[in-house]
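Read the structure below first, then the notes.
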Amino acid sequence: MTVVGPFGLSVRDQALEADVQTGLAAVEAGLLDATKSDVPFITEAAQHLVRAGGKRFRPMLAMLASQFGDADAPGVVPSAVVVELTHLATLYHDDVMDEANVRRGVDSANTRWGNSVAVLTGDFLFARASHILADLGPEAVRIQAEAFERLVTGQILETAGPRDGRDPVEHYLEVMRGKTGSLIAVACRFGAMMSGADESAVDILTQYGERLGVAFQLADDVLDIASDTHESGKTPGTDLREGIPTLPVLHLRAQAAADGKPDDLELLELLDGDLGDDDRLAEALCRLRAHPALEQARRDTIRYAQEARATLAPLPACYAKSALEELCDLVVHRAG
């Protein structure tokens, strides 16, 4: 049994391990090739986050999904490169919007070169992804365009906030399905589709990817409060300090609105104040860790992970299916 990919995924079959490792190595080479430019400065900026590393979660899912067809089919690796390039491009843009200083343990592109270069570098990566897509056929282009539309819509909905009368928690979950779930779903869909898997398997793996993607993001929300060492490289409370709404805080607000408990209202006042002060942030984290809203967010994470796992039930038993099921457990473990 060998550990591969993010979160310590264990692969229990040597042939599957070899396929996944070979595929991920090819994706890495493809990312470096796709981010080269005749202009050295563009290459440096475009490869900045590629060379910083990352979990390569989406390419790994594409490799596992390809096991339900011909994993060596020529479109599998390029499609995984497309998905990861798209993900990387969104990170350049996200860091500008969030005014982030660090990404994957290195200076963010906007910190190093300014917002304009960061935004344009993200656009460059989108262009390179589109170039690769063109060789994968019109269906792949359509699928990617639809997913990208959902991703951007999710980002806009997050920025705009819930409309009057809309449950903020339901709004947030809709945002996560678009902003995070859509691209992870495409990673699974491309891996299966490009491998020639049958249509029912492609549909199942697409649904699995979206649910797993939401669980993955919700686990991050829990970790931002509950963990001492955040797997994304962020220190606990980063989202709180930046005023980013996360699921535990949204549950807290809903409970405070329903019950009006003084302790909840006092905690909300603390969260809405200046959390740039380390002592205030530490107090907010301590109180949130003991609040039922955090456990409710954990339950939501578990629910999405269980739904993802249940989606896989019709697929034939194999080592790839077991690995995909284990990923559901590992996502839940992160939030545990």
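The values are calculated or read from the model by the stated rules, or taken from the named source; none is laboratory data. This is a predicted model, so every value here is computed, not measured. Cβ placement follows ideal geometry from the backbone for every residue including glycine, while neighbour counts extend to all protein chains displayed. Only protein heavy atoms, including side chains, enter the accessible area calculation; ligands, DNA and RNA are left aside. Shrake-Rupley method; radii C 1.70, N 1.55, O 1.52, S 1.80 Å.
Out of the total accessible area of the range 232-335 (probe 1.4 Å, heavy atoms of protein only), what percent is carbon and sulfur?
Taking all protein chains in place, the range 232-335 shows 52 percent carbon and sulfur surface.
If you project the alpha carbons of the chain onto the principal axes, what extent comes out on each, in Å, largest first?
Projected onto its principal axes, the Cα set of the chain covers 61, 49, 39 Å.
Any idea how far apart V39 and Q21 come out in nm if each label point goes 7 Å out from Cα toward Cβ?
Between V39 and Q21, the label points sit 4.0 nm apart.
Which aspartates and glutamates, on any chain, are close to K261 with Cα under 13 Å apart, when same-chain ones fewer than 8 places away are left out?
Filter leaves E269.
Quick check on packing: order 47-56, 179-188, 81-90 by the mean number of other C-beta atoms within 10 Å, highest mean leading.
179-188, 81-90, 47-56
If you find the alpha carbon centre of the range 70-86 and of the range 271-336, how far apart are they in angstrom?
28 Å
Which translational diffusion coefficient, to the nearest whole µm²/s, is obtained for the range 142-288 from the Stokes-Einstein equation, given a Kirkwood hydrodynamic radius over C-alpha pairs, 25 °C and 0.890 mPa s?
145 µm²/s
Where only protein heavy atoms count, and the probe is 1.4 Å, what is the accessible area per residue for the chain in Å²?
Ligands and nucleic acids excluded, the figure is 45 Å² per residue.
Which aspartates and glutamates have a Cα less than 20 Å from the Cα of K321, not counting those fewer than 8 places away in the same chain?
Qualifying aspartates and glutamates at Cα under 20 Å: D13, E17, D19, D70, D72, D198, E199, D203, E210, E307, D329.
Considering only C-alpha atoms, what is the centroid distance from the range 133-179 to the range 19-48, in Å?
Value for the Cα centre distance between the two parts: 26 Å.
Per residue, how big is the convex hull of the range 127-186 when only Cα atoms are used? Give it in Å³.
Considering the Cα atoms of the range 127-186, their hull volume per residue is 77 Å³.
In debye, nearest 20: dipole of the range 87-187 around its Cα centre with unit charges on the Cβ of K, R (+) and D, E (-)?
That gives the range 87-187 a dipole magnitude of about 200 debye.
In a Gaussian network model over the chain where Cα atoms closer than 10 Å are linked, find which of L223, L31, L157 has the largest mean-square fluctuation.
L157
Which residues does the label zone of D198 cover in the range 293-336, counting backbone N under 14 Å from a point 7 Å along Cα→Cβ?
Backbone N within reach: 314-317.
With 15 Å as the cut-off, how large is the P(r) tail for the range 243-336, expressed as percent of Cα-Cα pairs?
Tail of the P(r) past 15 Å holds 67 percent of the pairs.
Which residue fluctuates the most in the chain, going by a Gaussian network model with Cα springs under 10 Å, if the choices are R280, R298, R128?
In this elastic network of the chain, the residue with the biggest mean-square fluctuation among R280, R298, R128 is R280.
Setting aside same-chain residues fewer than 8 positions from K55, which aspartates and glutamates have a Cα under 13 Å from its Cα?
Of all the aspartates and glutamates, those that pass the test against K55 - Cα under 13 Å, at least 8 places apart if same chain - are E28, E84, E231.
For the range 45-161, report the translational diffusion coefficient in µm²/s to the nearest whole number, using Stokes-Einstein at 4 °C, 1.567 mPa s, and a Kirkwood Rh over Cα pairs.
85 µm²/s
Among A80, A46, A18, whose mean-square fluctuation peaks in a Gaussian network model of the chain (Cα, cutoff 10 Å)?
With Cα springs under 10 Å in the chain, the top fluctuation among A80, A46, A18 is at A18.
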